[in-house]
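Colleague: Got a structure for you, questions after.
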Amino acid sequence: MLQDKKIVFSGVQPSGNLTIGNYLGAIKNFSRFSEDYKTFYCVVDLHAITVRQVPAELRRRTYETLALYMACGLDETKNTLFVQSHVPAHAELGWVLDCYTMFGELSRMTQFKDKSSKNAQNINAGLFTYPSLMAADILLYQTDLVPVGIDQKQHLELARDIAIRFNQIYGDTFTVPDGYIPTDTMKIMSLAEPTSKMSKSDKNPNAVVYILDSKDDVLRKFKKAVTDSEAVVRYSEDKPGVSNLMTVYRAFTGKSFEEIEREFDGKGYGDFKLAVGEVCADGLAPVRDEFARLMADKAHLEDVMKRGADEAAYYARKTMSKVRRKIGFVN
Ligand code: AQP
């Protein structure tokens, strides 16, 4: 046992500008673990290249994602913040776990099906084995808890299955992780197509609210959001557009759906959309300001990355030497 605290791990891909889906579903929740857990938060650049990236943009977004972690309240002295490719053990364990992950399991992953239909020109092996690399990210740190959005639930369950399978063959090697999936935020959906997830790689910029959007952009995008013809603010499965806006409003105000329905009783969608835009823009403003301050000091970000990677590598080495020994590799 390296230390007494339980371990938290999570990651975000630098595959685009981060959205309010990434913020509300994941990053916003990360800082609540900083005091009581040993926390590892990673910028998962190895995952990002499963979809073709422009190299200069990938590099810039790697810095930006780290700065956003910090701007969202992750203190670098209380959390291990690092870049995945700076700790080669992720790729090494990823390969090992590929050999303990079944083709049928990977074929059932909905993210693979979604992303391969969106990237028909580049259905590469990495896109297919993405979940075993994600399992490696988590298992490398003997993680107890993984805060992720609900869209990652299937991958997380596979990580658990892989850990259990490995432990059954070789004896206790990996901690079997639990998910921390916020039930109150749920999945944030696209503003243009509210039955699809809001994704940073969406080609339609009006479908997505980015954490760093200006207030004007946030207001404009919510104003254009797809709703329905009923003009009643009510949470219902058959009203995906309005329900999604209510989810966003609830996340930023803490109000319940019933309170929101009462607040906008008798008012049209115009007032409601404006109110959603206002609370979202105001909620994001402090993050934007802090982000700008952090991005102005690249040397500090590089220092944070370096220290984070050194610390993560120390923990990763312990797991890898156990894994190597159990499998039968010569040390
Ligand atoms: N729309 C969402 N609602 C709630 N949570 C979400 N997350 C992503 N989108 C939503 C959560 O954000 C974390 C980081 O996600 P990721 O970068 O690992 O990749 P992703 O889930 O594939 O996110 P995107 O935005 O859809 O990226 P692209 O477009 O590159 O694939 C995860 O915890 C995720 O659950």
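Colleague: Only one residue in Arg32, Arg52, Arg61 is more than 12 Å from the ligand (Cβ to nearest atom) and of a type outside the set (Gly, Ala, Ser). Which one?
Modeller: Within the list Arg32, Arg52, Arg61, the selection yields Arg32.
Colleague: Another question, then. Among the residues of segment 89-103, how many are of a type outside the set (A, V, I, L, M, F, W, C) and open to solvent by less than 30 Å² (accessible area, probe 1.4 Å)?
Modeller: The number of residues fulfilling the criteria is 3.
Colleague: Still on this structure: Among the numbered criteria (1) surrounded by fewer than 18 Cβ atoms within 10 Å (Cβ to Cβ); (2) charged (D, E, K, R); (3) in contact with a strand residue (DSSP E or B) (Cβ under 6 Å, 6 or more places away or on another chain), which one does Lys38 miss?
Modeller: All conditions are met except number (1).
Colleague: To continue, here is another question. Filter segment 236-272 for residues that are assigned to a loop (DSSP other than H, G, I, E, B) and among the polar types (S, T, N, Q); which is nearest to Gly283 (Cα to Cα)?
Modeller: Residue satisfying both the conditions and the ranking: Ser256.
Colleague: A further question follows. Does Val233 meet the test of being within 14 Å of the ligand (Cβ to nearest atom) and touching an Asp or Glu at 6+ places or on another chain (Cβ under 7 Å)?
Modeller: Against the criterion (within 14 Å of the ligand (Cβ to nearest atom) and touching an Asp or Glu at 6+ places or on another chain (Cβ under 7 Å)), Val233 does not qualify.
Colleague: Please enumerate the residues belonging to segment 16-29 that are near the ligand (Cβ under 9 Å from one of its atoms) and either touching a Leu at 6+ places or on another chain (Cβ under 8 Å) or more than 23 Å from Asp202 (Cβ to Cβ) (or both).
Modeller: Within segment 16-29, Leu18, Ile20, Tyr23, Ile27 meet the criteria.
Colleague: On the given criteria, is Glu259 modelled with pLDDT under 95 and either closer than 16 Å to Thr195 by Cα or not small (Gly, Ala, Ser) (or both)?
Modeller: Against the criterion (modelled with pLDDT under 95 and either closer than 16 Å to Thr195 by Cα or not small (Gly, Ala, Ser) (or both)), Glu259 does not qualify.
Colleague: Any residue in segment 116-135 that's without any contact (Cβ under 8 Å) to a residue 60 or more places away in the chain: show its pairings with residues that are assigned to a loop (DSSP other than H, G, I, E, B) and open to solvent by 40 Å² or more (accessible area, probe 1.4 Å) at Cβ separation under 6 Å, as long as the two are six or more apart or on different chains.
Modeller: From residues that are without any contact (Cβ under 8 Å) to a residue 60 or more places away in the chain, the pairs are Ser116/Ile123.
The values are calculated or read from the model by the stated rules, or taken from the named source; none is laboratory data. This one's a predicted model, so the numbers in the text were calculated from it and none came from an experiment. With ideal geometry, Cβ positions are generated from the backbone for all residues, glycine too; neighbour counts draw on all protein chains shown. All accessible areas refer to the heavy atoms of the entire protein, side chains included, with ligands and DNA or RNA removed. Shrake-Rupley method; radii C 1.70, N 1.55, O 1.52, S 1.80 Å.
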